[in-house]
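Structure record follows, encoded as structure tokens.
Rule-based calculations on the coordinates, nothing more; no lab input. As the structure is a computational prediction, the values presented were derived from the model and not from experiment. Note that each Cβ is placed from the backbone with ideal geometry, even for glycine, and that neighbours are counted across all protein chains shown.
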Amino acid sequence: MTEPGKGTDRVLTVRELARDAGLGLRAATGGAGLGRAIKGVHFSDAEDPVPYLSSESVLVVTGRSFAGDTEAGLRLLDRLVTIDTAALAIAMGHYIESIPPELIARARELKMPILEIPPGVLTRTVFSYVYHALASVDLHRLRRTVAMQNDLLDLLIADAAADEVLAKVSTLIGMPMLSLDGAGRVVGSAGVRDPARMASVVWESWSALAGSTMPMGIFEVGEARFFCREVVLYGRVERLLVASASQASSSELVDTALSFLQRLATLNVLRRRDEIVATQRMRQRLLRDLLAGTASPEELTEWVAEHGLDLAHPWRVGLCDLSTSPEAGRRRAGELEDALVEAVDTFLGDRLIAFLSRPRRMSITVLLPDGAPSVGEGGARDLLLGLKTFAAGEPYRLSLTIGASAAHTDPRAGRKALQEAIDASAAAKRGIDAGGLVLFEEMSGRFRLLKGQSEEALADIARRTIAPLIEYDARRHAHLVATLRTWLDNHWAIQPTAEALFIHRNTLQKRLRRIESLLGVDLLDPDDIVELYLGLRATQLLGEEAVVEGALGRRH
């Protein structure tokens, strides 16, 4: 039952009816149960009026059903307490002149107040007072609810921060409050002395109850009671709103306030998500244009500068690949990819590091500064190692291999930087570095033979080696370039190459002889193999279309 002064709403209590209403009523049971709230009034002299009563009502009787039968009166009290009746009011002088001591003793044991209505006081006077008081309470609650909603709407219109809205609700309901994200981390608090400790207690208990029914979103931990509301988007809990109450009763205003805050928080999360998605799409478009070289250097420099990056200062391209561990295999690809994007955004965003990113299937490409004050003294290596560690922890649990390009200061170097990151990533996957992170300059010399070559030099190498295969593939719908690349990646081994291409080893042998015939090379000659390797790398840096167009242009 609600005690006076402990709730946040004004309530009518038995104490007010007995002592403050001026009706002349007397509490025959002393102070027992006077703090009980009254939510209705009913008159009945039936032997068992309980089926017709609502909880927390005052039952008014004349005593006819138990006059001269104390046992009937005791049974009535036992029945009334089962439905949390607020009080029993007996109109004296009709059937009884005084209340039997046995009834008073039992009522005190049950903490059920008995009120005497003295002779001459009309029962309708009691009814009238209760009705008017309850109407006043309802009006009071309505006014407070409307005022609260108006206050919160004003904050929403003013684009107030989430912490400000949380603090306002905390003040309105008189309770400390927390806002947790979907992983149990504190994103806001108001009036809480130790947010981390309270969050730990709440999150552990709430997680244990997740999926089960909690009446009105309430659960208890020891002596503490918490009111909770979940903000759910697309089947996922994005926020958990928590109010800490010391009293054992709930409040209609608390329920209304939290429900309204829940809707506001949902709108805020949706708006923030839309902003994040818009920013991510812009980053993806910029990185795509930079890596493909589809815009002028001046345009790229200007656009990227709007995101806090200066391409005239050293920058790198990193390729973060999700490794296929047994644990990862139990999670859906989409779930892993979403977690990777969130981990990169959170890690770099929390460190105020400007970056561009472009997610791909089971990987993400990132352009980030190298040597900027925000990156730290360790540069890109320490930053990317930190990202690996962060992604491996809770709540992401992702295992990454990362390859990073050399440092560049030319906005036209995007394509070259991407290929360097791909080469470094391949080296990281082969276990060249036990930490799963390889920078391009750390790789062995054969991977870096083309570093620093001009586009003209790269085009010449590609035209002299790979261009005839590209043209042949285009005319015959063949796969000779892919065959040569796979054969080199598998260290010239026939069976692993055939398995990787999903063809028979005899088919592979025929393709290799065709390559030798078209290019005039000997695939047993180490010099020819190195030449072809360089040609493939140069082609990857320039793009196959550019190689073919260049070859055709020279012929004409």
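Summary table
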{"item": "Neighbour net charge for residue 116 - beta-carbon separation under 14 angstrom, K R +1, D E -1", "result": "+1"}
{"item": "In the stretch 465-527, chymotrypsin sites (Phe, Trp or Tyr not before Pro) in a DSSP loop with at most 10 other beta-carbon atoms within 10 Å", "result": "502"}
{"item": "Stretch gain in nm, segment residue 488-residue 530, where the contour uses 0.36 nm per residue and the Cα spacing is subtracted", "result": "14.1 nm"}
{"item": "For 465, 539, 346, order by how many other beta-carbon atoms lie within 10 Å, fewest first", "result": "346, 465, 539"}
{"item": "Ascending count of other beta-carbon atoms within 10 Å, so fewest first, for 55, 357, 405", "result": "55, 357, 405"}
{"item": "Amide H contacts under 5 Å for residue 239, placed H, 5+ residues apart", "result": "231"}
{"item": "Those trypsin sites (Lys or Arg not before Pro) in the stretch 80-125 that DSSP places in a loop and that have at most 15 other beta carbons within 10 Å", "result": "111"}
{"item": "Where GluC sites (Glu not before Pro) fall in DSSP loop in the stretch 13-121, at most 11 other Cβ within 10 Å", "result": "97"}
{"item": "For residue 188, residues with placed amide H under 5 Å, excluding near neighbours", "result": "179"}
{"item": "Out-of-range pairs (alpha-carbon distance over 32 Å; input 429/510; 39/168; 168/388)", "result": "168/388"}
{"item": "Amide H contacts of residue 60 (H built 1.01 Å from N, under 5 Å, at least 5 apart or other chain)", "result": "42, 43, 44, 89"}
{"item": "Under 14 Å, Cβ to Cβ, from residue 230 - net charge with Lys/Arg +1 and Asp/Glu -1", "result": "+2"}
{"item": "Stretchable slack from residue 26 to residue 55, in nm (0.36 nm times residue separation minus alpha-carbon distance)", "result": "8.2 nm"}
{"item": "Global geometry of the stretch 455-555, whether rounded, prolate or oblate, following the gyration tensor of its Cα atoms and the 1.5 cut on a/c", "result": "prolate"}
